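Here the structure is laid out as structure tokens; the discussion comes afterwards.
Computed from the coordinates by the stated procedures, all read-outs in this text should not be read as laboratory data. All values reported here derive from a predicted model rather than from experimental measurement. Cβ coordinates were reconstructed from backbone atoms using ideal geometry, including for glycine residues, and neighbour counts include every protein chain displayed.
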Amino acid sequence: MDRISKLPLGVIENILCLLPTQEAARTSILSREWRYHWTEISKLEFNEDAFEVSTYGAEPSVLEQTFDFPSHRKVMTRRCKLFYAIYQVVIMHQGPIHEFTLCMRADGSCIEIDHILIHLSRKNTVKILKLDFIGKYKLPVSFFSLHQLTDLYLNDCAIDHQPSFNGFGGLTTLHLQEIHICVKELMRLLLSCPLLKRLAILSDAGTINGIGDITIADFIKCLPGIEYLSLSCLIFLCFPPLPKELPTTMVHLKYLRMEWVWFRHKYVVPFLVLLIRSSPNLEKLKLEIFPDDDLFEESETGSFPRKDYPDITLEHLTELEILQFGDADNEMDFVKFILAKSPTLKKVRILLWDEIDEDEKLQISKILRSSPRASPVVKLSVG
């Protein structure tokens with residue numbers, strides 16, 4: 001411990017940042033010299049599932065002892081103790097908070113989270129914010145005052161209002177999972193992030209509502225500098241109808257990832273082709289197929305119409321990855337299409353659906369390995 005104590009303060013802070021916040025706070029009992037080291041760490045992380053609390057009648061936890069937790073609070077609920085600990089950490093914290101993470105079960109009635117975000121907005125130093133909730137938490141007005149953000153991760157949050165604000169001018173990474181928002185508010189949010197390079201929207205039409213006059217072309221226009229794009233395939237339901245071409249292209253896009261891909265849905269293939277056609281510098285394509293095609297009535301059993309896209313050439317695509325690959329004709333023909341249109345392709349990894357038997361796996365592998373390919377050096381892995 002003496003060796004660690006002699007390290008420069010910056011190094012000690014970096015070490016403490018690698019620990020969960022609760023563990024970092026516990027270092028305050030090591031010695032008088034260590035009592036306040038943790039109050040200057042720039043990274044705070046709180047996870048309800050990992051948060052340790054004492055039980056009724058037991059000795060107070062180290063964290064509770066550190067904060068002089070009143071004895072009558074030992075019977076408080078786990079959530080109340082978590083919020084109490086967060087409040088104490090935030091109050092005692094002395095330096096800037098650059099990264100803040102909160103993972104818990106929450107809903108619109110959690111006014112304690114509102115108070116935390118108000119405090120963070122007043123400090124206005126947070127660059128990386130991760131709010132991972134279960135329960136549809138409604139973001140307060142103070143959230144839109146976090147103008148220093150560069151990375152934002154929201155899970156199960158609701159945005160139903162955006163006050164007049166200057167936007168997230170420095171935001172480069174935006175991850176939205178199960179976000180509850182209308183299409184117009186989503187467009188407004190994206191337009192407020194002019195430097196956005198990485199975007200993930202892993203929500204579908206069930207949580208993104210308000211379908212109206214906004215088109216997929218309007219969506220693409222909001223992403224002029226996007227380099228990494230990850231989408232739930234069902235998002236196309238928010239932008240009907242789908243055109244064959246877009247007036248603008250995503251010239252900077254290098255990585256495209258699609259989840260919940262239903263190949264037999266009549267709009268999935270046109271949507272995929274539309275994005276590929278609009279990404280002339282695409283380098284990696286990853287698809288995660290959902291094999292249960294019976295969930296949709298709009299299904300078809302025909303083949304992928306490769307002849308309808310003679311002008312598409314994926315000149316920069318080097319890697320293709322498909323998970324949960326099945327035996328549908330559309331899936332097989334799509335891979336053949338990529339192989340035939342990608343002269344610089346180097347790596348193809350296809351993970352087959354678990355319910356496909358061994359004989360069928362061998363047959364699929366044989367067909368794909370014998371398919372014409374534009375690249376002479378591509379390595380194909382099927383399994």
* Structure fact -> Length gained, K130-S371, 0.36 nm per residue minus C-alpha separation, equals 82.3 nm
* Asked: Using a Förster distance of 25 Å, how high is the FRET efficiency between Y309 and R198, based on the Cβ-Cβ distance and rounded to 0.05?
  -> 0.35
* So if R0 is 45 Å, what FRET efficiency would T150 and R78 give, r being the distance between their Cβ atoms, rounded to the nearest 0.05? -> 0.90
* If you stretched the chain out fully between D160 and K184, how much longer would it get, using 0.36 nm times the residue separation minus the C-alpha to C-alpha distance? -> 7.6 nm
* Between D49 and K221, what is the label-to-label distance in nm when each label sits 7 Å out along the Cα-to-Cβ direction? -> 4.2 nm
* Provide the packing ranking of 361-367, 270-276, 165-171, i.e. peptides ordered by the mean count of other C-beta atoms within 10 Å per residue, highest first. => 270-276, 165-171, 361-367
* Structure fact -> So E112 and T249, fully extended at 0.36 nm per residue minus their Cα-Cα distance, gain in nm 45.0 nm
* Structure fact -> Listed by chain and number, the lysines with an alpha carbon less than 27 angstrom from that of K81, same-chain partners under 8 positions apart left out, are K43, K123, K127, K130, K136, K138
* Inter-label distance, nm, simple model (7 Å from Cα along the C-beta direction), W353/K284 -> 2.6 nm
* Whole-Å distance, taken between Cα centres, linking the range 95-126 and the range 340-383 -> 47 Å
* Asked: Hey, rough spin-label estimate for D213 and K346, points 7 angstrom out along Cα→Cβ, what's it come to in nanometres?
  -> 4.7 nm
* Using packing as a proxy for protection, rank 259-269, 150-160 so that the peptide with the highest average count of other Cβ atoms within 10 Å comes first. => 259-269, 150-160
* Asked: What list do you get for H161, H175 if you sort them by fewest beta carbons within 10 Å?
  -> H161, H175
